[in-house]
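Participant: Here it is, the structure in full.
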Amino acid sequence: QVQLVESGGGLVQAGGSLRLSCAASGRTFSSWEMGWFRQAPGKEREFVAWINWIGGATSYADSVKGRFTISRDNAKNTVYLQMNSLKPEDTAVYYCAADTRGTHSKRAYDYDYWGQGTQVTVSS
């Protein structure tokens, strides 16, 4: 049974930082590609960031490029999202997701497992 559990969300002022964590169960975590997505009220879930199985390659949505950094620690079965220079438009529920087939995808439907989400609220 694969479980993904996000943590680290909260309320922060514009310009501030947060670090999200996603702890995964599953012995093959180190072979999965991982992604972060977000969903704001009334909007569709959107891609935020992706990282390959070893952490040597990453990809970001244009809206977060240069402000967010995705990383992973396979020894801890954990993926992170460091978010700096936060803006009110970053307010959303943030989800981590696992792609066990290695599709290198930015599409939510290509991901096999999802966490429950963590709320990030950025005040102006």
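Participant: Using only Cα atoms, locate the centre of region 1-62 and the centre of region 81-124, then give the distance between them in Å, rounded to an integer.
Facilitator: Taking the Cα centre of each part, region 1-62 and region 81-124 sit 4 Å apart.
Participant: Share of the chain's accessible area from carbon and sulfur, percent, 1.4 Å?
Facilitator: So the carbon and sulfur contribution to the accessible surface is 47 percent.
Participant: Then there is this: Mean projection of the alpha-carbon convex hull of the chain over all orientations, in nm²?
Facilitator: Approximately 6.9 nm², given one-decimal rounding.
Participant: Would you mind finding the longest exposed-site-free stretch of the chain, with exposed trypsin sites (Lys or Arg not before Pro) meaning DSSP loop and at most 12 other Cβ atoms within 10 Å?
Facilitator: 1-26
Participant: Summing Lys, Arg as +1 and Asp, Glu as -1, what charge do residues with Cβ under 14 Å from the Cβ of F37 carry, F37 excluded?
Facilitator: -3
Participant: Could I ask something else about it? With label points built 7 Å along Cα→Cβ from the Cα atoms of S124 and Q1, find their separation and express it in nm.
Facilitator: Label-label distance for S124 and Q1, simple model: 4.4 nm.
Participant: Something else: Before I look further, what does the chain give for accessible area per residue, probe 1.4 Å, in whole square angstrom?
Facilitator: 51
Participant: Between beta-carbons, use under 12 Å as the cut-off and find the net charge around G16, counting Lys and Arg +1, Asp and Glu -1.
Facilitator: With Lys, Arg at +1 and Asp, Glu at -1, the net is +2.
The values are calculated or read from the model by the stated rules, or taken from the named source; none is laboratory data. Nothing here was measured: the structure is a model prediction, and the numbers come from that model. In this analysis, Cβ positions are derived from the backbone assuming ideal geometry, glycine residues included, and neighbour counts consider all displayed protein chains. These area figures cover heavy atoms from the full protein model, side chains too; ligands, DNA and RNA do not enter into them. Shrake-Rupley method; radii C 1.70, N 1.55, O 1.52, S 1.80 Å.
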